[in-house]
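Presented below is the structure to which this report refers.
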Amino acid sequence: MSESARPLTSPSEMRPVVLCFSGLDPSGGAGLQADIESIGQSGAHAAIACTALTIQDSQRVHSFEAVSPAMVRQQAMAVLNDLPVRALKSGMLGSVESALELLELRQRHAGLPYVCDPVLVANSGGSLGNPAQLLPVFHQLMQVATLITPNSIELRALAGCDDLSLGLERLFELGAQAILLKTAHEANPARIEHRLLIQGTLAYSSYWPRLPGEYHGSGCSLASAIAGRLACGLDLLHAVQQAELWVHQSLRRADIPHAKGQRMPVRFVTSDSAAFRQ
Ligand code: PLP
């Protein structure tokens, strides 16, 4: 058979697929667009089960509407029945019912790496779900996730305590497998710490200079960049290390829409955009 006549759907010819459960951010900085761009850049292919439509701009979340759990399940099944899914990733879940669909699906695909970004609020502070309802489901998802990627606000909410080290301990007691903690929201002016703990033990920590301004979709980009690398076969430690470096570069290049807007990570650099920046 000639090259061009090969069936395009042959699994051996398709990049590994990450099935993402995430919401639409029309500004394009966060949510499913961040997943598509970050996972595409990692060498994998992103397929999306859309959990919610949000109304937001670069400054704030105005509102959101959850997609029905049945639609979320059917989107996921369409992908799982058709594409070579090699990893799962979740961000904004839209509703408890959709989160429970994901939990059930995860149990049927327990062998896949799964990165859970326990999204409750946007970087701008806007609500992306009801914490009282979502926290119990995040506790369940955390137990079946390869990695959870909370920022310090999410860690405190999940653990129900203020001290970050105690909070990490508590989440391992509650059954977490691995946690990547990000401290960009802490009031440390000089640098940001990331801590990766696997089965309760510190595997790696890294320190990043605090870049100026606020960033839209940095958490989504990091979680999906890790998921993309896991889908491509990297182990957890190397996936996290590579993804962190890559996200840092995309934040350094971020676009500033206007003086009041959060910066948008530049996840792809084309020759045209490079020219625009000169
Ligand atoms: N998911 C969606 C749909 C969002 O709109 C946002 C933030 O705006 C997030 C997730 C979380 O974004 P971040 O990566 O900034 O934490």
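Roughly how many whole Å is it from the C-alpha centroid of the range 197-256 to that of the range 133-186?
That distance is 17 Å.
To the nearest 20 Debye, how big is the dipole of the range 16-266 about its Cα centre, given +1 on the beta carbon of each Lys and Arg and -1 on that of each Asp and Glu?
380
Could you tell me which of LEU141, VAL18, ALA122 has its Cα farthest along the dipole of the range 16-266 towards the positive end, charges placed at Cβ (Lys, Arg +1; Asp, Glu -1), taken about the Cα centre?
VAL18
With all protein chains present, how much of the accessible area of the chain (probe radius 1.4 Å) comes from carbon and sulfur, to the nearest whole percent?
Accessible surface attributable to carbon and sulfur in the chain totals 55 percent.
Rounded if a/c is under 1.5, else prolate if a/b beats b/c, else oblate: with a ≥ b ≥ c from the C-alpha gyration tensor eigenvalues square-rooted, which is the range 16-266?
Taking the square roots of the gyration eigenvalues as a ≥ b ≥ c, the range 16-266 is rounded.
Under a 1.4 angstrom probe, counting protein chains only, how are MET71, MET142 ranked by accessible area, largest first?
Sorted descending by solvent-accessible area, the residues read MET71, MET142.
Please state the charge dipole magnitude for the range 173-278, taken about the Cα centre, from unit charges on C-beta atoms (+1 on K and R, -1 on D and E), reported in debye and rounded to the nearest 20.
Magnitude of the dipole: close to 340 debye.
Among ALA184, ILE55, SER68, flag the residue with its Cα farthest along the positive direction of the charge dipole of the range 16-266, charges on Cβ as +1 for Lys/Arg and -1 for Asp/Glu.
The Cα lying farthest towards the positive end belongs to ALA184.
Mind checking the dipole of the range 55-125: about its Cα centre, +1 per Lys or Arg Cβ, -1 per Asp or Glu Cβ, Debye to the nearest 20?
Result for the range 55-125 is approximately 220 debye, rounded to the nearest 20.
Where in the range 93-127 does the label zone of ALA70 land, with the point 7 angstrom along Cα→C-beta and an amide N cut-off under 18 Å?
Output list for this probe position: 95-102.
Taking only protein heavy atoms and a 1.4 Å probe, what accessible area per residue, in Å², does the chain have with all protein chains in place?
It amounts to 45 Å² per residue over the chain.
Would you check the accessible area of GLU104, probe 1.4 Å, heavy atoms only, in square angstrom rounded to 10?
The accessible area of GLU104 comes to roughly 90 Å².
The values are calculated or read from the model by the stated rules, or taken from the named source; none is laboratory data. What you see is a predicted model; the values in this text were computed from it and never measured. Positions of Cβ are backbone-derived with ideal geometry, glycine not excepted, and every protein chain shown enters the neighbour counts. Calculation scope for accessible area: heavy atoms of the full protein, side chains included, ligands and nucleic acids excluded. Shrake-Rupley method; radii C 1.70, N 1.55, O 1.52, S 1.80 Å.
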